[in-house]
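Report on the following structure.
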Amino acid sequence: MIIEIDFQSDEAIYMQLRNQIILGIATSLLREGDPLPSVRQLAEDVGINMHTVNKAYSVLRQEGFVTIDRRRGAVVSLDVDKQKALEEMKQSLKVVLAKASCQNISRQEVHSLVDEIIAEYETQEE
């Protein structure tokens, strides 16, 4: 998996890293049990501070996407609390859908976009 950071983005680097790892899991580029690069290695490969990688890994651990072990490092380990995940998704979607509403994006357009994105993940599972 290749991590690409947009240093011009307003989004924090650790969040870009987190999001790309989650997308890697969703698209099966990363699977349950796969080790992630060490903090030092990933920081060096991407050209960012080790503390930034550590923060991304910590957030991924808190969200249940990885476990962190002193010997094995960060490992993809999905421990999903579905109810908690749904509540977090609801909060995120409220903002995204409010922005869509302000930009006159219709319900049908939103549904079409969601279907398109979900289809991408479903084809990765097959």
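The values are calculated or read from the model by the stated rules, or taken from the named source; none is laboratory data. Keep in mind it's a predicted model, so treat the numbers as computed, not measured. Every residue, glycine among them, receives a Cβ derived from its backbone with ideal geometry; neighbour counts consider all protein chains shown. Remember, those area values only see protein heavy atoms, side chains included, never the ligands or the DNA or RNA. Shrake-Rupley method; radii C 1.70, N 1.55, O 1.52, S 1.80 Å.
The residue pairs whose first member lies in the range 102-121 and is among the charged types (D, E, K, R), whose second member is outside any helix (DSSP H, G or I), and whose beta carbons are closer than 8 Å, counting only pairs six or more residues apart or on different chains, are E120/T27.
Count of the range 1-34 residues, restricted to those that are outside any loop (DSSP other than H, G, I, E, B), small (G, A, S) and free of Cβ contacts under 8 Å to residues at least 40 places away in the same chain, is 1. Out of E32, E88, one residue alone is closer than 29 Å to T123 by Cβ, modelled with pLDDT of 90 or more and open to solvent by 40 Å² or more (accessible area, probe 1.4 Å). It is E32. With respect to the conditions (1) surrounded by 12 or more Cβ atoms within 10 Å (Cβ to Cβ); (2) part of a helix (DSSP H, G or I), I118 falls short on a single one, namely (1). Scanning for something of a type in the set (S, T, N, Q), open to solvent by 40 Å² or more (accessible area, probe 1.4 Å) and farther than 29 Å from A119 by Cβ, does the range 3-25 turn up at least one residue? Yes - at least one qualifying residue is present in the range 3-25. Of the residues examined, V75 is one that is surrounded by 11 or more Cβ atoms within 10 Å (Cβ to Cβ) and in contact with a Pro (Cβ under 9 Å, 6 or more places away or on another chain). What do you reckon, is L60 part of a helix (DSSP H, G or I), buried (at least 16 other Cβ atoms within 10 Å of the Cβ), in contact (Cβ under 8 Å) with a residue 40 or more places away in the chain and not basic (K, R)? Yes, satisfied.
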